[in-house]
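Just below is one structure, and these are the notes that go with it.
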Amino acid sequence: MTKSMKKSVRIFQKKYRLNAINRDALLSVFREQGYTLIPFHAAHNQADVAQVIENLNLMELVSVSNGFTFVNERFRLVFVNEDLSDEEQLIVLAHEEGHIFLQHIQSQSILGQDVMQEHEANEFAHFLLHPSGSEKGKRWIALHKKAVCVMAACLMLVAIGTSAFVLTTKADSYYGNFYITETGKKYHKKDCIYVKNKKNIHRMTKEEFESGEYDACKVCLPDK
């Protein structure tokens, strides 16, 4: 996943001629893709923004989300919570661009959760904002995880006619279907010989993965 995601980020940067990655650069990309940015507040919004939120029936969504993408036959909108800091908003925007560029909206049409797509969008944001892939960068994103709900997220897709939502929520989620032991520093498939039939294992969370403390098992995950 990591190598292919790095490649996707390079393709993205080349396609949109990006050197520096900042808010203005991402807004320019959104405009080129046909998306409009809608900054909002969880509690109170300006009349025009409040009207958009009400017309699209997004009141509950903005009260629990720090960023999401809305698409239907008429609109392509990226919402971001202005109560966040500039750095946190940049992470949210990079995460939402990950969903858009990786075509997650087009590939889903039913209500549900897709943890792997959340992980893909997280990886996209990470490598976009920290192209060196440094541990310092990983720790920086992990530090903002609880505040912006980018790294501990669940993807909610709602089909209302042709509408779809990509929602970043505050729900805990897992990283794939991998397992770790209480003392080990590798993550494994459930049937790996190193964890099979052991009692001191649990499913790996996204927080544990993003901590950078665990490496893939070379036996059951040789390609990671």
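The values are calculated or read from the model by the stated rules, or taken from the named source; none is laboratory data. Note that the coordinates shown come from a computational prediction; the quantities given were computed from them, not determined experimentally. We place every Cβ from the backbone using ideal geometry, glycine too, and count neighbours over all the protein chains shown.
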Test result for residue 84, within 16 Å of residue 24 (Cα to Cα) and either in contact with a Leu (Cβ under 8 Å, 6 or more places away or on another chain) or modelled with pLDDT of 90 or more (or both)
no
Which pairs have Cβ atoms under 9 Å, sit 6 or more apart or on different chains, and link a residue in segment 196-224 that is at positive phi to one that is modelled with pLDDT under 80 and not in a loop (DSSP other than H, G, I, E, B)?
212/135; 212/138; 212/139; 212/142
Would segment 34-57 turn up any residue that is surrounded by 15 or more Cβ atoms within 10 Å (Cβ to Cβ), of a type outside the set (D, E, K, R) and touching a Ser or Thr at 6+ places or on another chain (Cβ under 6 Å)?
no
So how many residues does segment 1-40 have that are closer than 16 Å to residue 86 by Cα and in contact with a strand residue (DSSP E or B) (Cβ under 7 Å, 6 or more places away or on another chain)?
5
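Can you pull out the residues in segment 88-100 that are over 22 Å from residue 45 (Cβ atoms) and not β-branched (Val, Ile, Thr)? Working first, answer last.
Residues of segment 88-100 that are over 22 Å from residue 45 (Cβ atoms), as a first pass: 94, 97-100.
If the condition is that a residue be over 22 Å from residue 45 (Cβ atoms) and not β-branched (Val, Ile, Thr), then 94, 97, 98, 99 are the ones that fit.
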Among the residues of segment 59-81 satisfying the criterion of being among the polar types (S, T, N, Q) and crowded, with 20+ Cβ neighbours inside 10 Å, which is modelled with the lowest pLDDT?
65
Whether any residue in segment 84-98 is free of Cβ contacts under 8 Å to residues at least 24 places away in the same chain, of a type outside the set (S, T, N, Q) and more than 13 Å from residue 128 (Cβ to Cβ) is what I want to check.
no
